[in-house]
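Engineer: Here it is, the structure in full.
The values are calculated or read from the model by the stated rules, or taken from the named source; none is laboratory data. Keep in mind it's a predicted model, so treat the numbers as computed, not measured. All Cβ positions, glycine included, derive from the backbone under ideal geometry; neighbour counts span all protein chains shown. Just so you know, the surface numbers come from the protein's heavy atoms only, side chains and all, with ligands and any DNA or RNA stripped out. Shrake-Rupley method; radii C 1.70, N 1.55, O 1.52, S 1.80 Å.
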Amino acid sequence: MDIASLRGTYDIFPPQSRIWESVELEARRIFNVYGCSEIRTPIIEDTRLFTRSIGEGTDIVNKEMYTFPDRKGRSITLRPEGTASVVRAYLQHSLYKDQGLCRFFYIGPMFRYERPQAGRNRQFYQLGTEFLGSTHPYYDAESIALLTTFFKTLGITDAVVKLNSVGSRSSKENYSLSLKDYFAPFIKSMCEDCITRFEKNTLRILDCKNPACRETIKGAPSTEHALNQEDAEHFHSVKEYLCAMNVRFEIEPRLVRGLDYYTNTIFEVVHTRLGSQDALGGGGRYNNLVEEMGGPSTGAVGFAVGIDRLVMVLEKILSSQETALSDSLDVYILNPNDSLSADHIVMLHALRSCFVKADMCTEQKSFKAQMRTANKLNARFVLIHGEDEIRQSIIKLKNMTQKTEEIIPYTTFYTAVEKVIERIGKK
RNA sequence: GUGGGUGUAGCUCAGUUGGUUAGAGCGUCUGGUUGUGGCCCAGAAGGUCGGCGGUUCGAACCCGCUCACUCACCCCA
């Protein structure tokens with residue numbers, strides 16, 4: 001075949017898909033406990049939604065979006081993240097009129113045109129929450145607590161929460177200015193990237209990994225000094241609430257995020273077993289976004305988790321035994337006669353109607369070969385109903401683990417099925 | 001977008017300084033006497049050596065281009 005999955009996209013199949021299922025199941029469970037309801041938004045949106053919310057100067061908007069004209073020439077974009085769509089839906093349906101706080105969660109694919117790498121794909125999957133309608137610092141803390149609780153229930157105990165605050169818009173602007181003042185004398189000796197960052201997005205200089213730049217960055221003013229009174233208090237409360245909930249975190253003064261809409265609290269959860277793309281999740285507060293999108297001033301906070309990366313970590317934690325074990329069959333119906341009998345089809349159907357995980361052999365194979373198949377399928381029982389059994393009006397049921405065989409009388413179809421189900425222990 | 005690494009059977013990989021019919025392990029299938037699995041034994045199927053072009057008497061091996069995978073930069077989840 002000459003057609004393969006597109007670059008940066010991939011297929012998920014067993015046994016790996018089982019991990020995905022359990023992640024999603026656990027997420028729904030925890031989110032429900034925290035009062036979040038699911039929101040499903042379209043995967044395609046008007047391009048302007050993202051350019052406005054994420055920011056014109058960001059990498060996502062500049063070079064990573066899947067953007068194309070539709071048949072009427074409108075600019076369409078495959079969503080690169082979830083928050084913008086949630087905010088759009090929130091506004092479009094005037095949800096801010098209903099109640100104080102809306103708690104949503106979402107799960108689904110996102111798209112970014114990037115060079116694939118470990119933990120980075122063009123179609124990737126995120127699950128996340130958005131709390132809309134409050135500026136209270138408690139919800140910043142609750143978001144982080146929910147995130148860490150989720151990881152813990154999945155068995156991830158060694159993830160690290162990194163926390164910082166960039167402050168409100170005015171604090172952010174102040175900070176940006178003070179950084180410019182600080183870097184101005186050194187900028188000519190810094191790396192090329194930093195020079196462009198200096199003009200484009202000064203905050204991002206703090207993220208530079210160049211050792212020479214690093215030295216200059218060390219002396220840069222930290223975000224905390226740039227926060228105004230109110231922002232500092234907000235940040236302080238968040239930290240206090242986190243401590244109260246026994247959530248561990250590390251203050252990371254250099255932490256800045258690539259999306260423009262963040263204000264105040266920003267956080268990231270990293271895991272050491274991931275490689276260079278080590279963020280399992282991240283998020284923060286975005287108090288201006290709803291208003292910027294044309295709604296009322298609305299406080300909001302949220303996070304997103306990279307499911308692809310989460311699964312990578314879980315695969316390393318879980319033993320291969322654990323993932324393979326779950327695949328077993330209750331009964332395998334043999335086909336000792338040459339042709340597929342109607343009796344077997346009806347039997348299979350009846351068993352499945354009673355939620356017995358059953359399957360049957362439809363091929364013309366030797367008895368031995370059929371037994372081998374049963375074994376390969378990890379069948380707990382094998383049901384034998386061939387010519388001999390028909391003559392004697394019985395069914396043979398072999399217990400594969402105990403290697404025992406039981407004879408079940410076949411007086412009527414229903415009593416026989418009943419007995420089989422009873423023996424299998426599914427009643 | 002920039003760099004490094006890698007493409008040989010379904011999977012994991014060998015393959016000598018270029019030289020006849022390209023191998024192994026696992027997996028798959030079929031047998032090992034009448035209709036009974038795993039273990040063991042025997043056998044079989046399965047490959048455009050990523051693709052295209054070049055060098056050569058001769059290329060899986062050398063060269064060029066291209067595609068894909070992969071890791072890193074960048075950025076993010």
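Engineer: Along the charge dipole of chain A, Cβ charges K/R +1 and D/E -1, which of A:LEU280, A:VAL86, A:PHE104 sits furthest on the positive end?
Structural biologist: Highest projection toward the positive end goes to A:LEU280.
Engineer: Here's something else I'd like to know. Aspartates and glutamates within cross-link reach of A:LYS97: Cα-Cα under 15 Å, excluding same-chain residues under 8 positions apart?
Structural biologist: Candidates past the 8-residue exclusion: A:GLU291.
Engineer: Largest first, how would A:GLU38, A:GLU363 line up by accessible area (1.4 Å probe)?
Structural biologist: Per-residue accessible area, sorted high to low, gives A:GLU363, A:GLU38.
Engineer: Along Cα→Cβ, 7 Å out, is where each label goes; now give me the distance between the ones at A:LYS63 and A:LEU6 in nm to one decimal.
Structural biologist: 2.0
Engineer: Additional query: Of A:LYS63/A:LYS218; A:LYS368/A:LYS396; A:LYS180/A:LYS239; A:LYS368/A:LYS403, which pairs sit farther than 25 Å apart, going by alpha carbon to alpha carbon?
Structural biologist: Exceeds cut-off: A:LYS63/A:LYS218; A:LYS180/A:LYS239.
Engineer: I'd like the Karplus ³J(HN,Hα) series for the range A:35-47: coefficients 6.51, -1.76, 1.60, θ = phi - 60°, whole numbers in Hz, and an x wherever there's a Gly or Pro.
Structural biologist: x, 8, 10, 6, 10, 10, 10, x, 7, 9, 9, 4, 3
Engineer: Mind giving me the nanometre distance, one decimal, between the label points for A:ILE44 and A:ASN32, set 7 Å out from Cα along Cα→Cβ?
Structural biologist: Distance between label points: 3.3 nm.
Engineer: Quick one: angle between helix A:367-376 and the longest Cα principal axis of chain A, in degrees between 0 and 90, rounded to 10, please.
Structural biologist: Approximately 30 degrees, to the nearest ten.
Engineer: Turning to a different aspect of this structure: Given a 1.4 angstrom probe, I'd like the percentage of the accessible area of the range A:126-213 that is carbon and sulfur, rounded to a whole number.
Structural biologist: Carbon plus sulfur share of accessible area: 53 percent.
Engineer: Which order do peptides A:119-126, A:284-291, A:186-193, A:169-176 fall in by mean Cβ count within 10 Å, highest first?
Structural biologist: Highest to lowest by the protection proxy: A:284-291, A:119-126, A:169-176, A:186-193.
Engineer: Something else: So what J values fall out for the range A:84-99 if you push phi through Karplus, 6.51 cos²θ - 1.76 cosθ + 1.60 with θ = phi - 60°, rounded to Hz, Gly and Pro as x?
Structural biologist: Result, ordered by residue: 4, 5, 5, 5, 4, 5, 4, 6, 4, 9, 6, 5, 5, 7, 6, 8 Hz.
Engineer: Over the heavy atoms of A:ILE394, what accessible area does a 1.4 Å probe trace out, to the nearest 10 Å²?
Structural biologist: 20
Engineer: Hey, another quick one. Inverting the mean 1/r over all pairs of different Cα atoms, compute the Kirkwood radius of the range A:62-210 and quote it in Å.
Structural biologist: 19.3
Engineer: At 1.4 Å probe size, with every protein chain present, just tell me what the per residue accessible area of the range A:29-111 comes to in Å².
Structural biologist: 52
Engineer: With axes computed from alpha carbons, what is the tilt in degrees of helix A:16-33 against the longest principal axis of chain A, rounded to the nearest 10 within 0 to 90?
Structural biologist: 60
Engineer: Now for a different question. Report A:ILE3's accessible area, 1.4 Å probe, all protein chains in place, as a number in Å² to the nearest 10.
Structural biologist: Accessible area of A:ILE3: about 120 Å².
Engineer: Can you tell me which aspartates and glutamates have their Cα less than 18 Å from the Cα of A:LYS188? Leave out same-chain residues fewer than eight positions away.
Structural biologist: A:GLU199, A:ASP207, A:GLU215
Engineer: Say we join alpha carbon atoms closer than 10 Å with springs in a Gaussian network model of chain A; which of A:LEU49, A:LEU280, A:LEU334 then has the biggest fluctuation?
Structural biologist: A:LEU334
Engineer: If you average 1/r across every pair of different Cα atoms in the range A:328-424 and take the reciprocal, what Kirkwood value do you get, in Å?
Structural biologist: About 13.1 Å for the range A:328-424.
Engineer: Determine, at each q value in 0.21, 0.22 (inverse angstroms), the log₁₀ of I(q)/I(0) that the Debye formula gives when each Cα of the range A:1-87 is one equal point scatterer.
Structural biologist: For the range A:1-87, the Cα-only Debye profile gives -1.08, -1.08.
Engineer: Beyond 21 Å, what percent of the Cα pairs of the range A:266-403 remain?
Structural biologist: That tail contains 63 percent of the Cα-Cα pairs.
Engineer: Quick one: give the max-minus-min coordinate of the C-alpha atoms of chain A along each principal axis, largest first, in Å.
Structural biologist: Largest first, chain A extends 97, 49, 49 Å along its Cα principal axes.
Engineer: Compute the length gained on full extension between A:SER22 and A:LYS72: take 0.36 nm times their separation in residues and subtract their Cα-Cα distance, giving the result in nm to one decimal.
Structural biologist: Length difference between fully extended and current span is 13.9 nm.
Engineer: Could you tell me which of A:PRO409, A:CYS361, A:HIS344 has its Cα farthest along the dipole of the range A:328-424 towards the positive end, charges placed at Cβ (Lys, Arg +1; Asp, Glu -1), taken about the Cα centre?
Structural biologist: So the residue we want is A:CYS361.
Engineer: How large is the dipole of chain A about the Cα centre if only Lys and Arg carry +1 and Asp and Glu carry -1, each at its Cβ, rounded to the nearest 20 debye?
Structural biologist: With only Lys, Arg, Asp and Glu charged at Cβ, the dipole is about 560 debye.
Engineer: Can you give me the distance in nm between label points at A:ALA232 and A:GLU192, each placed 7 Å from the Cα along the Cα-to-Cβ direction?
Structural biologist: According to this spin-label approximation, the distance is 4.1 nm.
Engineer: Okay, moving on. List the lysines whose Cα lies under 22 Å from the Cα of A:LYS316, skipping any in the same chain that are fewer than 8 positions away.
Structural biologist: Leaving aside lysines fewer than 8 places away in the same chain, those within reach of A:LYS316 are A:LYS152.
Engineer: Then there's this: Taking amide H positions as placed 1.01 Å from N in the peptide plane, with prolines and chain starts having none, which residues 5 or more places from A:SER165, or on another chain, fall under 5 Å of its amide H?
Structural biologist: A:ILE266
Engineer: Can you work out the Karplus-derived ³J(HN,Hα) for every residue in the range A:243-251? Use 6.51 cos²θ - 1.76 cosθ + 1.60 with θ = phi - 60°, whole Hz, and x for glycine or proline.
Structural biologist: Values per residue, Gly and Pro as x: 4, 4, 8, 6, 9, 7, 8, 10, 6 Hz.
Engineer: Taking Cα atoms, how many degrees apart are the long axis of helix A:169-183 and the longest axis of chain A, rounded to 10 and kept between 0 and 90?
Structural biologist: 70
Engineer: Another question, then. With a 1.4 Å probe and all protein chains left in place, how much of the accessible area of the range A:257-336 comes from carbon and sulfur atoms, in whole percent?
Structural biologist: Using a 1.4 Å probe with all protein chains present, the range A:257-336 comes out at 46 percent carbon and sulfur.
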